[in-house]
Amino acid sequence: MIHLTANRPESKTPMSTATIQVHALPAFSDNYLWTLTRGQDAVVVDPGDGAVVQAFLDARQLRLRAILITHHHPDHIGGLSLLRERWEVPVYGPAAEAARIKLLTQTLEDGAGLDVLGERYEVLALPGHTLGHIAYYSAQGRRLFCGDTLFSAGCGRLFEGTPQQMHASLSRLGALPGDTAVYCTHEYTQSNLRFALAVEPDNAALQARNAEVARLREAGQPSLPSRIDAECQFNPFLRSAVPAVRAAATAQAGEALDDEVAVFAALRRWKDVFRG
């Protein structure tokens, strides 16, 4: 395992004993720029808008210690230039996408480990949405920053990868401990739930999640983070082996689906055109 340090204190003072907090910074129409803080130190994941992050840091008088990137799309890296002008901090991201993320200072492969504000994270390679997509998982803190691979009740589009790759990536996430908090980067939950209900209308866990999210969004609250165990109960893209999901995908595809990857692929094609 590679050992990296994502926060290098400017002095020899010990790390704050404060607990890590995770903040959802809204950006664009539906992004969350997840920012971890511990005391006066901060680390941001996928800063698509640097001004939003800098305003948060200024308002709380925080020191940015590192930036974590999951993949190369502009709404995940667009704020790098502004933040690097202000903060000389490491920028971690996928080695496979280094050519497309010019400001990376530390490239990461699957299985790498890094310290984020005193908490250990493992890098997970998750090809599918993009070929080099990675996630950051802390077994210690039970936190997953998964970019655009897994959404609550949904998953990312296959812009570069294959159904086989995305199904394998989602299966890897679904096997994480159930109490792992899922910090994905878009507020897509309600639209994803409408699709999930078209697939499994009689799923009680899905109905409950739909009601919960409606309450949260009506109150102006994020629907995130979710949890791995909850997603396994109602996210159709994690449920390709479930008979009801397979039957719905088969009916939509109009042909026999031989395995879980074929079911997943049919679900993803259906979601791409779904207007429910």
Open item on the list: If I take all pairs of Cα atoms in the stretch 197-276, what percentage of them are more than 17 Å from each other?
Closed with: 50 percent
Open item on the list: Is the C-alpha gyration tensor of the stretch 48-95 telling us rounded, prolate or oblate? Criteria: a/c under 1.5 is rounded; beyond that, a/b larger than b/c is prolate, otherwise oblate.
Closed with: prolate
Open item on the list: Just to compare against my own numbers: the Cα pair-distance distribution for the stretch 40-141, 10 Å bins, whole % per bin, please.
Closed with: 16, 50, 31, 4
Open item on the list: Tell me the mean residue ellipticity at 222 nm calculated for the chain from its helices only (DSSP H runs of n ≥ 4, each -39500 (n - 2.57), averaged over every residue, nearest 500).
Closed with: -10000 deg cm²/dmol
Task: Span-like helix ranges in the chain, DSSP H, alpha carbon extent 24 angstrom or more, Kyte mean at least 1.0 - done: none
Open item on the list: How much length would be gained if the chain were fully extended between R120 and R60, taking 0.36 nm per residue of separation minus their Cα-Cα distance, in nm to one decimal?
Closed with: 19.1 nm
TODO: Would you give the gap between the C-alpha center of the stretch 229-276 and the C-alpha center of the stretch 83-140, rounded to a whole Å?
DONE: 30 Å
Task: Cα gyration tensor of the chain - equivalent ellipsoid semi-axes, whole Å, descending - done: 33, 20, 16
Open item on the list: Viscosity 0.692 mPa s, temperature 37 °C: give me the Stokes-Einstein translational D for the stretch 94-157 in µm²/s, with Rh taken as the Kirkwood radius over C-alpha pairs.
Closed with: 264 µm²/s
- [ ] May I ask you to order 91-99, 158-166 by the average number of other C-beta atoms within 10 Å around their residues, highest value first?
- [x] 91-99, 158-166
Open item on the list: If I model the stretch 129-276 as equal point scatterers sitting on the Cα atoms and use the Debye formula, what is log10 I(q)/I(0) at q = 0.10 Å⁻¹?
Closed with: -0.31
TODO: At most 12 other Cβ atoms within 10 Å and a DSSP loop assignment: could you name the GluC sites (Glu not before Pro) in the stretch 227-276 that fit?
DONE: E255
Task: Residue-span extension gain [A241 to R217] - 0.36 nm each, minus C-alpha spacing - done: 5.6 nm
Open item on the list: How large is log10 of I(q)/I(0) for the stretch 237-276 at q = 0.29 Å⁻¹ when the intensity is taken from the Debye formula with one equal scatterer per alpha-carbon?
Closed with: -0.98
Task: Length-normalised contact order of the chain in % [C-alpha pairs under 8 Å, at least 6 apart] - done: 13 percent
Open item on the list: Can you tell me what share of the DSSP beta bridges in the chain is antiparallel? A percent to the nearest 5 is fine.
Closed with: 60 percent
- [ ] Compute the longest continuous run of the chain that contains no exposed trypsin sites (Lys or Arg not before Pro); treat a site as exposed when its DSSP state is not H, G, I, E or B and it has at most 11 other Cβ atoms within 10 Å.
- [x] 103-274
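Bear in mind these aren't lab numbers, they're just calculated from the coordinates by the rules spelled out. Remember, it's a predicted structure, so these values are computed and weren't measured experimentally. Backbone-built Cβ (ideal geometry, glycine too); neighbour counts: all protein chains shown.
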